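What follows is a set of notes on a single structure, which appears directly below.
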Amino acid sequence: MTDRLKDRVALIIGSARGIGKGIARRFAEEGARLVLADTEDGAGQATADELAVPFIHTDISLMADAEAAVALALKQHGRLDIIVQNAGIYPWQLIENTSADDWDRVMAVNLRGTFNASRAALVPMKAQGFGRMLYTSSITGPHVTSPGHGHYSASKAGINGFIRAAALEFSGYGITVNGVEPGNILTEAIELHRGAAYIKNMEDSIPLGRLGSPRDVANAFLFLASDDASYITGTTIVVDGGQLLPEGNDFRLLPP
Ligand SMILES: NC(=O)c1ccc[n+]([C@@H]2O[C@H](COP(=O)([O-])OP(=O)(O)OC[C@H]3O[C@@H](n4cnc5c(N)ncnc54)[C@H](O)[C@@H]3O)[C@@H](O)[C@H]2O)c1
């Protein structure tokens, strides 16, 4: 621990488990004062209890919930320095089996949730003249994709576009806006919904030879939240173990 976020107030949305829980743990290690938000009350409260911080039930697809989460951070700590909008859903569904409602739900959480978090945090951050808005994007959408990720890919590519637009609009307010693009990260959700064969296949396609951990992603968020990133805005960091690098799937073959 080096106190890289000492006394910074951070609201982390989608922090009950997985990557968001990893971000919460990492930020807590570095001295941040946290508020956690999620739709899952049991797991969310358990994570909050582990870190001895407040938790608020939040569906980030709803603007009123985003505003209530920001209001709690302000009530608890008097300011809001960092917001991380990490909540995201990734149903595995071919386009031909996706209904308009399925599409709208993914967009509501992943993309409108990003807008909602940004709008809600803008008010105090603009008044303070300081803020760090951070979003979980993905390599899926902005760079690559696979069957069953039509809505998800569109939502994550949309987040990257929003990051650039918001970074530009908020640049005069002392607010930076950035994101992290995880590759394949081993979380409970991936183990549950994708299974062992998917995970083995992914391991074989990652040059560093393993899926990432929530902590790997959290370290990139930590950098972007810290003072070390004060001159960085409107961009994303890929955290994928080199998965985007190979031209083909024979990348372990070497010339004779
Ligand atoms: N795991 C990966 O390999 C991977 C790769 C790239 C991007 N991502 C992105 O990282 C983020 C976290 O993924 P994860 O694998 O940890 O998933 P996860 O399902 O374990 O965690 C997501 C969290 O968000 C919460 N959440 C879902 N809908 C919400 C809503 N409407 N409002 C508030 N909270 C909500 C969930 O309850 C959960 O705690 C997502 O945005 C996902 O798209 C994950």
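Results, tabulated for the structure shown:
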read-out	value
Qualifying residue in the stretch 109-116 (condition: among the charged types (D, E, K, R), over 26 Å from Arg25 (Cβ atoms), in contact (Cβ under 8 Å) with a residue 40 or more places away in the chain and not in a strand (DSSP E or B))	yes
Residue that is nearest to Trp92 (Cα to Cα), among those in the stretch 141-195 that are acidic (Asp, Glu) and part of a helix (DSSP H, G or I)	Glu191
Residue pairs meeting the criteria (Cβ under 8 Å; at least 6 apart or on separate chains; first touching a residue at least 24 places away in the same chain (Cβ under 8 Å), in the stretch 160-171; second aliphatic (A, V, I, L, M) and assigned to a helix (DSSP H, G or I))	Phe162/Leu111; Phe170/Leu122; Phe170/Met125
Of all residues in the stretch 86-112 being of a type in the set (S, T, N, Q) and surrounded by 18 or more Cβ atoms within 10 Å (Cβ to Cβ), the one that is farthest from the ligand (Cβ to nearest atom)	Gln93
Looking only at the stretch 120-139, and only at residues there that are part of a helix (DSSP H, G or I) and more than 15 Å from the ligand (Cβ to nearest atom), the one that is nearest to Ala165 (Cα to Cα)	Leu122
Residue list for the stretch 231-243, restricted to those being under 19 Å from the mean Cα position of the chain (by Cα) and under 14 Å from Asn178 (Cα atoms)	Ile232, Thr233, Gly234, Thr235, Thr236, Ile237, Val238, Val239
Selection status of Ala48, aliphatic (A, V, I, L, M), buried (at least 24 other Cβ atoms within 10 Å of the Cβ) and in contact with a strand residue (DSSP E or B) (Cβ under 7 Å, 6 or more places away or on another chain)	no
Out of Pro246, Pro256, Pro207, sole residue that is more than 17 Å from the chain's Cα centre (by Cα) and exposed (fewer than 12 other Cβ atoms within 10 Å of the Cβ)	Pro256
Residue, farthest from the chain's Cα centre (by Cα), within the stretch 189-200, restricted to residues that are modelled with pLDDT under 90 and surrounded by 11 or more Cβ atoms within 10 Å (Cβ to Cβ)	Tyr198
The stretch 1-16, residues that are within 16 Å of the ligand (Cβ to nearest atom) and at positive phi	Gly14
Any pair with Cβ under 9 angstrom, 6 or more apart, that starts in the stretch 222-234 at a residue that is assigned to a loop (DSSP other than H, G, I, E, B) and ends at one that is of a type in the set (Asp, Glu)	Ser226/Glu30
Test: residue in the stretch 70-85 that is more than 14 Å from the ligand (Cβ to nearest atom), without any contact (Cβ under 8 Å) to a residue 12 or more places away in the chain and assigned to a helix (DSSP H, G or I)	yes
Subset of the stretch 17-41 (residues that are near the ligand (Cβ under 10 Å from one of its atoms) and in a helix (DSSP H, G or I))	Gly18, Ile19, Gly20, Lys21, Gly22, Ile23, Asp41
Filter result for Gly161 (surrounded by fewer than 15 Cβ atoms within 10 Å (Cβ to Cβ), within 29 Å of Ser99 (Cα to Cα) and more than 15 Å from the ligand (Cβ to nearest atom))	yes
Any chance Ala71 is touching a Leu at 6+ places or on another chain (Cβ under 6 Å) and either of a type in the set (Ser, Thr, Tyr) or at pLDDT 95 or above (or both)	no
Members of the stretch 180-212 that are near the ligand (Cβ under 10 Å from one of its atoms) and small (Gly, Ala, Ser)	Gly183, Ala189, Gly212
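The values are calculated or read from the model by the stated rules, or taken from the named source; none is laboratory data. In this text, all values refer to a predicted model and were calculated from it rather than measured experimentally. A quick note on method: Cβ atoms are made from the backbone with ideal geometry, for glycine too, and the neighbour counts reach across all protein chains shown.
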